[in-house]
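Asks: Supplied in structure tokens, the structure appears directly below.
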Amino acid sequence: MSEILEKINSYVWGNGLIFLLLITGIIFTIKLGFIQLKLPKFLIRNTKTQNSGLSQFKTVCMSLGTTMGTGNITGAASALAIGGAGSIFWMWVSAFLGMSIVYAENILSAKYSDDFTKGSMAYLSKGLKCPPLAYAFAVFCILASFGMGGMVQVNTFTESLAGCCNFNSIIAFVIIFIVIYIVTSGGAERIGTAAQYLLPFASVAYTIICTIVLCIFRENIISVIKNIFTEAFSFKSAAGGFSGYAVSVGIRRGIFSNEAGLGSSPILHSAAGETSAHTQGMWSMFEVFFDTMICCTLTAVTVLCASDSFSITETFSSALGNFSIPFITAELGIFAFCTVIGWYYCGETAFRYITGKSSENKIFCIIYALAASSGAIFTAKSVWTVSDIFNGLMAIPNLIGILLLMNKVKKNKPD
């Protein structure tokens, strides 16, 4: 069975989809006049927050929560092990192109979303006038939320927790279920609030420890940066970089951590109180930049400086000693939790679109919490593979939609 799933996965995430992602990014980068370069100016000037809906900061934290999963820590190390230092360069290239994709997604989402139909489903059904494509996206989104958004995140955290202490997997399942249900049952407002407090704290703590490690191994920084560029065009690095970054969460587990092109970002930004299409597009680009250009790069450079074996534990032990494993576990726990609750909103929004329910569904909340928390019990490799498949299947209708609606994106291009 696992061999069949791997074969399906290789077809879904084959050269065709990778090419589609990259060419879509190139097209929108050119069409939008390299809008990525306008991000610094936007961040300096933009401070406006609306009173209705989610505040922009909560929206950004909730959206960042879905992208900054366990792949930001373990996934970057996997890319290095397979593709070498040069894979980081291709992560940068993919992220730069991905920024234009998420901008296009959110421009279209803001144009077509209403209180019921949101994100990719809105512009596929109303903009493209192709409800079947929207329904297909919604189904893949729900399944991806159960797998990559929920179960595999919990599984990664509990596997790390097993290295710190002995625990009963059933008890862990029950506790995690209760926590997930309590937060997700409060809807977008409670999810955004939780992400608002947890994500900045975890990010700052992680950055501080990485900085300390880099200070300890500061003599290696220049050579590491040189290696990133010199190895970027070797066969091994190019293969590891393109394949590892394009696939969700590592080399099939995390490097495509910013999820540009999958269609999750416009769903999350549809909850924002700020309705400006340009504003949502720019903030979504910031999320890709922060997730990959800063967080994944920070992890990669730190690992390259401190560990010859690309070991996260070895990397942080130079600064934390025996506390490295508890620290990594805590960071994985927070990042995983933010991803789980953020993906709930994506899955629940897609579920409402399929069922025609205009209000939040407590049944789906229970099912989602059960599916996600089951990651504490199940460790089957096939779970990861199936999750990769549905993430890839999400991208296909989404990319088709934004390409066919390209002129609508161009019309919203800011001066």
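The values are calculated or read from the model by the stated rules, or taken from the named source; none is laboratory data. Note that the coordinates shown come from a computational prediction; the quantities given were computed from them, not determined experimentally. Note that we place each Cβ from the backbone using ideal geometry, even for glycine, and neighbour counts take in every protein chain shown. Calculation scope for accessible area: heavy atoms of the full protein, side chains included, ligands and nucleic acids excluded. Shrake-Rupley method; radii C 1.70, N 1.55, O 1.52, S 1.80 Å.
Asks: Name every residue in segment 294-308 that is open to solvent by 40 Å² or more (accessible area, probe 1.4 Å) and either in contact (Cβ under 8 Å) with a residue 60 or more places away in the chain or among the aliphatic types (A, V, I, L, M) (or both), in order of residue number.
Replies: Ile294
Asks: Further question on the same structure: Name every residue in segment 383-415 that is more than 25 Å from Ala122 (Cα to Cα) and either surrounded by 15 or more Cβ atoms within 10 Å (Cβ to Cβ) or at pLDDT 90 or above (or both), in order of residue number.
Replies: Selection gives Val383, Trp384, Thr385, Val386.
Asks: So how many residues does segment 318-375 have that are within 14 Å of Ala195 (Cα to Cα) and either small (Gly, Ala, Ser) or surrounded by fewer than 19 Cβ atoms within 10 Å (Cβ to Cβ) (or both)?
Replies: 3
Asks: Let me ask something else. Considering only residues that are open to solvent by 30 Å² or more (accessible area, probe 1.4 Å), over 21 Å from the mean Cα position of the chain (by Cα) and farther than 30 Å from Ala306 by Cβ, which ones fall in segment 182-219?
Replies: Within segment 182-219, Ile182 is the sole residue that qualifies.
Asks: Go through segment 220-262 residue by residue and tally those that are modelled with pLDDT under 55 and either surrounded by fewer than 15 Cβ atoms within 10 Å (Cβ to Cβ) or hydroxyl-bearing (Ser, Thr, Tyr) (or both).
Replies: 6
Asks: Identify all residues within segment 164-192 that are of a type outside the set (Phe, Trp, Tyr), farther than 27 Å from Ala350 by Cβ and not in a helix (DSSP H, G or I); write none if there are none.
Replies: Of everything in segment 164-192, those that are of a type outside the set (Phe, Trp, Tyr), farther than 27 Å from Ala350 by Cβ and not in a helix (DSSP H, G or I) turn out to be Cys164, Cys165, Asn166, Asn168.
Asks: Let me ask something else about it. When you scan segment 142-160, how many residues do you find that are farther than 13 Å from Thr339 by Cα and either modelled with pLDDT under 85 or open to solvent by 40 Å² or more (accessible area, probe 1.4 Å) (or both)?
Replies: Total meeting the criteria: 3.
Asks: Quick one: is Ala134 open to solvent by less than 60 Å² (accessible area, probe 1.4 Å), within 30 Å of Ala277 (Cβ to Cβ) and touching a helix residue (DSSP H, G or I) at 6+ places or on another chain (Cβ under 7 Å)?
Replies: Yes: the conditions hold for Ala134.
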